[in-house]
Every structure is written in structure tokens, then in C-alpha cells.
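Structure, as C-alpha cells:
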Amino acid sequence: METRKALNKVNTKELAGMALLSAILLIGQVGLSFLPNVEIVSLLIYIYTQIYRKKVFFIIYVFVFLEGCIYGVGLWWFGYLYIWSILALIVLLHGKQQTPVLMTCVILGAYGISFGFLYSIPYFAAGGWAAGFSYWVSGIPFDLLHCAGNVAVSLICYRPLRSLLGRLKSQS
């Protein structure tokens, strides 16, 4: 309901900008897909949430819809419907518009480590305890890579991307 109220206050220019930010998420995800669990989506959603607050859910769901259009909709897709929203909620609950780089690294590193567990929830529901647990445990090495990748990408890209996106938002 709150997201609907937030979207009601969006003008056409801002809506087009948020659609473009969704496309950038997809381009970033596809462009780095050759690297195992190294991605820029987590950092971008983190920054988008700091800037757009509750309106970020529009960006997230357009991104997830586009992924479904490209890769098809399967059990994997349902996890993405909530998993990126969890990251946005963490940022919203943190409350600050901008955070120090080290805090960003800690939050995104922890998110990377927990990604596999959060993502395994549909597998627990669809296949029972054994399916969910085995899916989660088998992915722990990738979660460790995800953690390291999120920290590295945050250290390198947080300040310049946050600055750039903040300026772009203020100009619109």
C-alpha cells in the first residue's frame, strides 16, 4: 500500500528514469554474468534505495520482470521477487540517506553471505526440508564469493556511483 502511494507521486520523467535504472540493473547483471557471484545489482539496489526510498520497489520489480522475460519464469524467479526487496527493506530500516563505505561493505557482505539461504526458501516450500537445506548448503561456496564480490564492488564503486546517481536525481 505504501509503495502504491509512493508511485502515485511519480511524474512521467521520474517514471522513465526509474525504468532506465531497472534496465541498468539488467545490463549490469547480464554483463557480469561470466563472473561467479560477482555482480553490481546488490550495490545498485542499495544506492537506488538510498536515493529513491520506497519508490525503489518499482525499479526492483521491473528488473525482476525483465529477467523473467529473458530467462523465463521458473522456481528461481520467485526468489528474486522477494530477495531484492529484502535488501531494500534493510536499507530503508537503516534510515540514513548515505552511509560510510565500510558500513555499506558490511551490509552488502552480510547480504551476499545470506543470499543463498534467503534464495533457498522457495526450495524449502516446494521440495521440503531436505531439498531446501541441500540447495542452501551446496551454494555456500558461491555465497562466500558473493560476499567477497559485494565487498570488493562496494569498495571500488560505492562512492562514485552514489555521487553520480545522487547528482542525476537532484537534476531531475
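Figures for the structure shown
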{"read-out": "Qualifying residue in segment 66-81 (condition: touching a Ser or Thr at 6+ places or on another chain (Cβ under 6 Å), modelled with pLDDT of 90 or more and open to solvent by less than 60 Å² (accessible area, probe 1.4 Å))", "value": "no"}
{"read-out": "Lone qualifier among Ser170, Ser120 - being crowded, with 18+ Cβ neighbours inside 10 Å and not basic (Lys, Arg)", "value": "Ser120"}
{"read-out": "Which numbered condition Val106 fails, given (1) in contact with a helix residue (DSSP H, G or I) (Cβ under 8 Å, 6 or more places away or on another chain); (2) at pLDDT 95 or above; (3) β-branched (Val, Ile, Thr)", "value": "(1)"}
{"read-out": "Residue identified as farther than 24 Å from Ile107 by Cα and either open to solvent by 90 Å² or more (accessible area, probe 1.4 Å) or at pLDDT below 95 (or both) among Leu32, Leu15", "value": "Leu15"}
{"read-out": "Some residue of segment 90-112 being in contact with a Pro (Cβ under 7 Å, 6 or more places away or on another chain) and open to solvent by less than 50 Å² (accessible area, probe 1.4 Å)", "value": "no"}
{"read-out": "Odd one out for Ile83, checked against (1) of a type in the set (Val, Ile, Thr); (2) without any contact (Cβ under 8 Å) to a residue 24 or more places away in the chain; (3) over 17 Å from Leu165 (Cβ atoms)", "value": "(2)"}
{"read-out": "Residues of segment 133-157 satisfying the condition of being β-branched (Val, Ile, Thr) and without any contact (Cβ under 8 Å) to a residue 12 or more places away in the chain", "value": "Val137, Ile156"}
{"read-out": "First in segment 100-120 and over 19 Å from Ser85 (Cβ atoms), second anywhere and at pLDDT below 95, Cβ under 9 Å, 6 or more apart", "value": "Met103/His94; Met103/Lys96"}
{"read-out": "Extreme residue, modelled with the lowest pLDDT, among residues of segment 1-12 that are out of contact with any Phe, Trp or Tyr (no Cβ under 9 Å at 6 or more places or on another chain) and in a loop (DSSP other than H, G, I, E, B)", "value": "Met1"}
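Residue-by-condition table, conditions (1) outside any helix (DSSP H, G or I); (2) touching a Phe, Trp or Tyr at 6+ places or on another chain (Cβ under 9 Å); (3) in contact (Cβ under 8 Å) with a residue 24 or more places away in the chain; (4) closer than 24 Å to Arg167 by Cβ:
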site	(1), (2), (3), (4)
Phe34	yes, no, no, no
Val38	yes, no, yes, no
Leu43	no, yes, yes, yes
Ile47	no, yes, yes, yes
Val56	no, yes, yes, yes
Val62	no, no, yes, yes
Leu87	no, yes, yes, yes
Ile90	no, yes, no, no
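The values are calculated or read from the model by the stated rules, or taken from the named source; none is laboratory data. Being a predicted model, the structure only gives us computed values, none of them experimental. Glycine gets a Cβ as well: all are built from the backbone with ideal geometry, and neighbour counts include every protein chain shown. The accessibility values were calculated without ligands, DNA or RNA, using every heavy atom of the protein model including side chains. Shrake-Rupley method; radii C 1.70, N 1.55, O 1.52, S 1.80 Å.
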